[in-house]
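The values are calculated or read from the model by the stated rules, or taken from the named source; none is laboratory data. Keep in mind that this is a model prediction, so the values were computed, not measured. All Cβ positions, glycine included, derive from the backbone under ideal geometry; neighbour counts span all protein chains shown.
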């Protein structure tokens, strides 16, 4: 079994190596994905910042037609010297501002427009209706408006309550060489529609936040925007990020499989904590088997399936071959030797025909067989008729028995001692006689013919002297030779004739035929027939017949010969019908 065990070790090492490589590859893949995600996030952050700057320039350009409108310029110039803004200037500027707001392209439209005079007072407005009724509402305190009133074009981000606005301002000139007559200011609210438009143009997932809460978010197709909710929980720890406090942009922060970079909005919103987060979702592998879920059909088509099948089948065939060579074939050879020993074709195992562990087992079994033979065999108890025949039905099947193959030695020089018997209480003990005990055995009387309804009682058995002759057994249904013991010695011919006296001629003829078949089959099986005489055979048949008739109340017993385990054996079948 050395090769098989060695192959198991090889397969185990290969499997362990494959598992090690898979886990190592998973770790390397995740690290590479995180590194690539960080680089992508840095690029996305720059793209978003560039988009915000470009959006501010484009929106300031959209204010040019408004700043050059004659009604706007005239209304602002008329309101500057007055202590209060004239109502006609307000109405004229409002109508013109509303008309110009509708003319702005759809992607650059403002949520609110303001026309402001030199004092910062709002002369006209469109949108932001919550302040339209406030008298004296002015925007002069914002740096962007102040710069616009001094001739500068500015953009900024304003935080009003819980809302953030992207703001652009442009001066309105009425006379050349003089201070601007006022300024126009446009506001665009930072909401989900603004974030989705930004995400569509940049391809990045963006979320805007202020006061540690998310106010707007947008993501490309395939990105779960609900994952941006995790940004809210991470905003509280931003104050500990040195890069965010000094540069306005944080390092890549990993929130599970989500990578985030935070950036501040420029202008006034910087001091108020407003900013935006750019996020990307990394395709991390939780385990080596997770690659099956991450792969698509193209990935699976690129796998060389024939090579994989060969790598799986070749080791399997090698393992099966080694198992057959080292386990199955030696086991079959050992089983064949056991079968031969069972059939009597062998007396001992032949270790040279076996190999490995089975050769050692054969040697040990040979030693055990020799040890049992030296002790005269294992002792067995005699079985009674019920144990030999087993439970029989009303119409029994067949029973089987065998005859001894070795003759009993005859004692001619000296007579066998008589069996011990308990003497009668008052009868004198007879003197011993030098004649053999067999001469003194009385002849058994002929039994009477049985009546038809009752079975014939067996004749009285003569007392037979004890002997040291070997024993033979009459097993039934495959029992061994020692299951039922009957003593055999030199029996006088007169006694054998008396034993068969009650047998009918037809029955004796049938027994003769059975005896001939028995001898013939024993020769065919290679058994010795020395000492097998019809007289002994007839005595055995008669005993078996009487036992079966007494037990089953049958009319007669039919005997037949068959081969069992390579040896000749007899079957006894009780027959009830006449």
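Restrict the check to the stretch 200-211 and report whether at least one residue is out of contact with any helix residue (DSSP H, G or I) (no Cβ under 6 Å at 6 or more places or on another chain), surrounded by fewer than 22 Cβ atoms within 10 Å (Cβ to Cβ), touching a residue at least 24 places away in the same chain (Cβ under 8 Å) and assigned to a loop (DSSP other than H, G, I, E, B). Looking through the stretch 200-211, at least one residue is out of contact with any helix residue (DSSP H, G or I) (no Cβ under 6 Å at 6 or more places or on another chain), surrounded by fewer than 22 Cβ atoms within 10 Å (Cβ to Cβ), touching a residue at least 24 places away in the same chain (Cβ under 8 Å) and assigned to a loop (DSSP other than H, G, I, E, B).
Filtering 146, 181 for residues that are farther than 19 Å from residue 267 by Cα, modelled with pLDDT of 85 or more and more than 60 Å from the chain's Cα centre (by Cα) leaves a single hit, 181.
This table checks each residue for (1) surrounded by fewer than 11 Cβ atoms within 10 Å (Cβ to Cβ); (2) over 29 Å from residue 29 (Cβ atoms).
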site: 261; (1), (2): no, no
site: 269; (1), (2): no, yes
site: 278; (1), (2): no, no
site: 302; (1), (2): yes, no
site: 317; (1), (2): yes, yes
site: 321; (1), (2): no, yes
site: 337; (1), (2): no, yes
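Among residues that are free of Cβ contacts under 8 Å to residues at least 60 places away in the same chain, within 18 Å of residue 179 (Cα to Cα) and in a loop (DSSP other than H, G, I, E, B), residue 82 is included. Against the list (1) touching a strand residue (DSSP E or B) at 6+ places or on another chain (Cβ under 8 Å); (2) over 30 Å from residue 279 (Cβ atoms); (3) touching a residue at least 60 places away in the same chain (Cβ under 8 Å), the condition residue 189 fails is (2). Can you confirm whether residue 108 is under 30 Å from residue 200 (Cβ atoms), surrounded by 13 or more Cβ atoms within 10 Å (Cβ to Cβ), more than 60 Å from the chain's Cα centre (by Cα) and modelled with pLDDT under 90? So residue 108 fits the description; yes. Here residue 18 clears all of (1) surrounded by fewer than 18 Cβ atoms within 10 Å (Cβ to Cβ); (2) closer than 30 Å to residue 94 by Cβ except the condition numbered (2). Taking the listed residues 274, 282, the one that is under 23 Å from residue 108 (Cα atoms), outside the structural domain of residue 102 (by TED's automatic domain parsing) and in contact (Cβ under 8 Å) with a residue 24 or more places away in the chain is 274, with no other qualifying.
Taking the stretch 15-49 as the range and being in contact (Cβ under 8 Å) with a residue 40 or more places away in the chain and closer than 30 Å to residue 325 by Cβ as the test, only 19 passes. Would a scan of the stretch 82-93 turn up a residue that is touching a helix residue (DSSP H, G or I) at 6+ places or on another chain (Cβ under 7 Å), farther than 26 Å from residue 106 by Cα, crowded, with 20+ Cβ neighbours inside 10 Å and in the same structural domain as residue 105 (by TED's automatic domain parsing)? Yes, some residue in the stretch 82-93 is touching a helix residue (DSSP H, G or I) at 6+ places or on another chain (Cβ under 7 Å), farther than 26 Å from residue 106 by Cα, crowded, with 20+ Cβ neighbours inside 10 Å and in the same structural domain as residue 105 (by TED's automatic domain parsing).
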